[in-house]
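A short reminder: the numbers here are calculations on the coordinates, not readings from a lab. Not measured: the values here are computed from a predicted model. Cβ placement follows ideal geometry from the backbone for every residue including glycine, while neighbour counts extend to all protein chains displayed.
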Ligand SMILES: *Cc1c(COP(=O)(O)O)cnc(C)c1O
């Protein structure tokens, strides 16, 4: 029989009060509109409730399924973050107030659906200012806006950009200015009002801290900073936020001293890669019952920093515990702080128990 609750592993502990602290710190510290991004926790309703109670007025997610859930539980503005599929246009209109867009064909379909549902939808047009993920190129933006600005039941409400996600391009005054110039041009030449200039994600906070983000950028879409207090693409912990909202715990199922180098003829590992190992002699190792089906094991940072994560297969993660003073036994639990990828996967996995701590 399966046991309930507390003693089920692997588990993820959720300190909601930390998420609250982070969200409040951001909304108090900066004079800008934040969209709280929920995809890292699969739009977990308790966490969204915390974001809303901390003063966040719009919730964003990349999946319609999550937006549907948000709509069911909350009376809050929602934003679809991933540019929509034509095949989901009806639900985009149904479940989101705002969506990010870069294709005329998609906007035409959204317009049709909005007419059908007798709603007004508010697209934000994405501009690719250099990262080379979604967006219209700057030189084509005015022409694009001209073509879509009069689609019935759509009110083109702003322009936005995304950085750091594909090309690893960082925000600068220069690439932010592109958005501002485009808005001014659109207002002058197309008589189109664009009240929202949506800068980007967690990666933009650094400029905001240094007072370098142009004032006209009036919205940021923030997930990682609120949830984890980090900015993974800048490899930094955000100093005025907390990093301990989440903790993953897994149980030791084997504890032995073993040679660090595998022995025998080598093929490929369980995921088709050829692993390489340094010979460090015999080392104390632990296997814990968590793997790639539960999280991103390489994205787990042991709270005991003398432990090293060596690698993982779908259900096992191997740790080197040679250097730790602590005496571990089989059955003990090891605690980790997840990074964004490990967090997202733990929330997506059916196999990870969630435990909320207010
Ligand atoms: C995920 C996402 C965000 C939020 O990114 P974080 O790094 O979690 O702050 C913002 N905008 C878009 C388009 C996204 O896909």
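See the values below:
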| read-out | value |
| --- | --- |
| Rounded FRET efficiency, nearest 0.05, which uses the C-beta distance separating residue 74 from residue 277 and R0 of 51 Å | 0.55 |
| Percentage, to the nearest whole number, of Cα pairs in the chain over 36 Å apart | 31 |
| Fewest-first sequence of 85, 126, 51 by Cβ atoms within 10 Å of each Cβ | 85, 126, 51 |
| Spacing of the two label points (7 Å from each Cα toward its C-beta) at residue 166 and residue 333, in nm | 4.1 |
| Rg and Dmax of the range 96-223, Cα atoms only, in Å | 14.4, 46 |
| Fluctuation leader among 188, 327, 65 - the chain, Gaussian network, Cα springs under 10 angstrom | 327 |
| Euclidean distance of C-alpha centroids, the range 176-193 and the range 272-325, integer Å | 51 |
| Volume of the Cα convex hull of the range 227-358, divided per residue and given in Å³ | 140 |
| Cβ-Cβ FRET estimate between residue 108 and residue 357, R0 fixed at 51 Å, reported to 0.05 | 0.60 |
| All Cα pairs of the range 1-103, percent lying beyond 23 Å | 35 |
| By average C-beta atoms within 10 angstrom, highest first, the peptides 295-303, 91-99, 230-238 | 91-99, 295-303, 230-238 |
| Extension gain (nm, one decimal) between residue 212 and residue 314, 0.36 nm per residue minus Cα-Cα | 32.3 nm |
| Part-to-part distance (alpha-carbon centres) for the range 202-226 and the range 26-103, which is given in Å | 18 |
| Computed helical MRE - 222 nm, the chain, DSSP H runs ≥ 4 contributing -39500 (n - 2.57), nearest 500 | -8000 deg cm²/dmol |
| Segment residue 322-residue 243, extension gain: residue separation times 0.36 nm, minus the distance between their alpha carbons | 25.8 nm |
| Reduced Cα scattering model of the range 147-279, Debye log10 I(q)/I(0), q = 0.15, 0.20 Å⁻¹ | -0.87, -1.15 |
